[in-house]
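What follows is one structure encoded as structure tokens, with my remarks underneath.
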């Protein structure tokens with residue numbers, strides 16, 4: 001009986017240790033985007049493209065002459081750096097061997113992830129969830145997909161159709177803004193295939209519209 005009790009005690013201890021080990025293993029998860037690349041010129045790291053998002057842990061080597069403009073999500077600042085190695089963490093960025101030539105605080109972007117939740121600048125939106133509310137001159141950037149054309153529809157009727165030269169749309173400066181009401185933005189690939197549709201509301205006229213980032217993946 002004593003021997004059996006001892007074996008059970010040892011076995012229980014091994015199970016507890018194994019359970020603790022399993023519970024202590026890190027759970028892998030994809031890192032959240034921490035910045036949006038707006039423009040990059042003459043960088044040593046040629047894999048980075050404009051209007052792509054970078055995750056925590058990313059390093060970008062600009063060499064001596066590379067110039068990079070990006071929107072830092074944690075501070076809502078647009079920053080331009082020249083040269084050096086740029087590193088990103090979840091809370092900040094750091095620059096080694098280069099210099100910051102411009103730093104301007106702006107309004108935090110709104111983010112809509114069409115396939116998953118999104119958290120940026122204190123904004124949480126979900127496709128099919130809370131309604132996206134914008135002013136009459138919306139300002140969009142598109143990441144994670146090849147958007148060639150956008151259409152804005154009101155009750156199924158096209159009010160705007162624009163072929164994009166880059167994954168960014170800014171309302172034309174000389175054009176009249178949208179009327180207050182309900183709309184849908186339709187994203188198309190080359191050839192006119194519809195990638196996604198996203199409803200939004202125009203709730204006010206006038207003022208500068210914050211950037212709305214639409215993630216397709």
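Before moving on, here are some points about what is shown:
- In the stretch 164-185, the qualifying residues are those that are at pLDDT 90 or above and more than 30 Å from residue 72 (Cβ to Cβ), and the one that is surrounded by the most Cβ atoms within 10 Å (Cβ to Cβ) is 184.
- Filter pass, residue 150 being closer than 19 Å to residue 109 by Cα and modelled with pLDDT of 90 or more: no
- Residue within the stretch 68-79 that is more than 23 Å from residue 212 (Cα to Cα), outside any loop (DSSP other than H, G, I, E, B) and in contact with a strand residue (DSSP E or B) (Cβ under 8 Å, 6 or more places away or on another chain) present: no
- Within the stretch 87-116, considering residues that are assigned to a loop (DSSP other than H, G, I, E, B) and touching a strand residue (DSSP E or B) at 6+ places or on another chain (Cβ under 7 Å), the one farthest from residue 68 (Cα to Cα): 114
The values are calculated or read from the model by the stated rules, or taken from the named source; none is laboratory data. Note that the structure is predicted; figures quoted are calculated from it, not measured. Every residue, glycine as well, gets a Cβ built from its backbone with ideal geometry; the counts of neighbours run over all protein chains shown.
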